[in-house]
Amino acid sequence: AEQGHAKAQFNLGLMYHNGEGVPQDDAKAFEWDTKAAEQGHAQAQFNLSLMYHKGEGVPQDYIKSYMWLNIVAASSDKDAIKLRDALRAEMTAEQVAEGQRLSREWFEKHKK
């Protein structure tokens with residue numbers, strides 16, 4: 001994970017989230033999931049959206065939750081699409097627009 005492998009970072013994030021082999025620590029789970037998500041790891045991106053939605057390891061932020069769900073949904077992930085659309089119902093139009101703007105910026109930054 002420390003060598004920058006996204007799958008290892010995601011797995012370590014899961015271990016911290018679940019307290020498997022390490023003390024349970026949502027902040028460390030968030031840290032490792034973020035590293036994997038920034039490399040395009042879809043499951044880590046999905047986990048970040050849930051952490052932002054629930055405020056686990058990070059302050060609750062529906063805009064960032066929406067952003068990550070929108071990124072995962074772009075690959076036609078049905079669970080992400082369903083959750084993103086449900087979250088949209090809890091948000092203002094301005095919040096949705098900001099989440100969309102953030103996801104566009106993420107895609108621009110991470111073009112391959």
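The values are calculated or read from the model by the stated rules, or taken from the named source; none is laboratory data. All values derive from a computational prediction rather than experimental measurement. Every residue, glycine as well, gets a Cβ built from its backbone with ideal geometry; the counts of neighbours run over all protein chains shown. Side chains are part of the model used for accessible areas, which takes the heavy atoms of the whole protein and leaves out ligands, DNA and RNA. Shrake-Rupley method; radii C 1.70, N 1.55, O 1.52, S 1.80 Å.
For the chain, the fraction of 1.4 Å probe accessible surface lying on carbon and sulfur atoms is 51 percent. Ranked by the mean number of other Cβ atoms within 10 Å per residue, highest first, peptides 99-109, 7-17 order as 7-17, 99-109. Of the labelled figures (i) 102; (ii) 93; (iii) 268, only one reflects volume of the Cα convex hull per residue in Å³ as derived from the coordinates, namely (ii). Length gained on full extension, ALA8 to ALA27: 5.1 nm, using 0.36 nm per residue less the C-alpha separation.
Stretching the chain fully between ASN18 and ASP61 yields a gain of 13.3 nm (0.36 nm per residue, less the alpha carbon separation). How far is helix 78-88 tilted, in degrees, relative to the longest principal axis of the Cα atoms in the chain, given as a value from 0 to 90 rounded to the nearest 10? The answer is roughly 60 degrees.
Relative to the longest principal axis of the Cα atoms of the chain, the long axis of helix 62-73 lies at roughly 80 degrees.
The mean accessible area for residues of the chain, using a 1.4 Å probe and ignoring ligands and nucleic acids, is 58 Å² per residue. For the chain, the longest principal axis of the alpha carbon atoms and the long axis of helix 6-18 meet at an angle near 80°.
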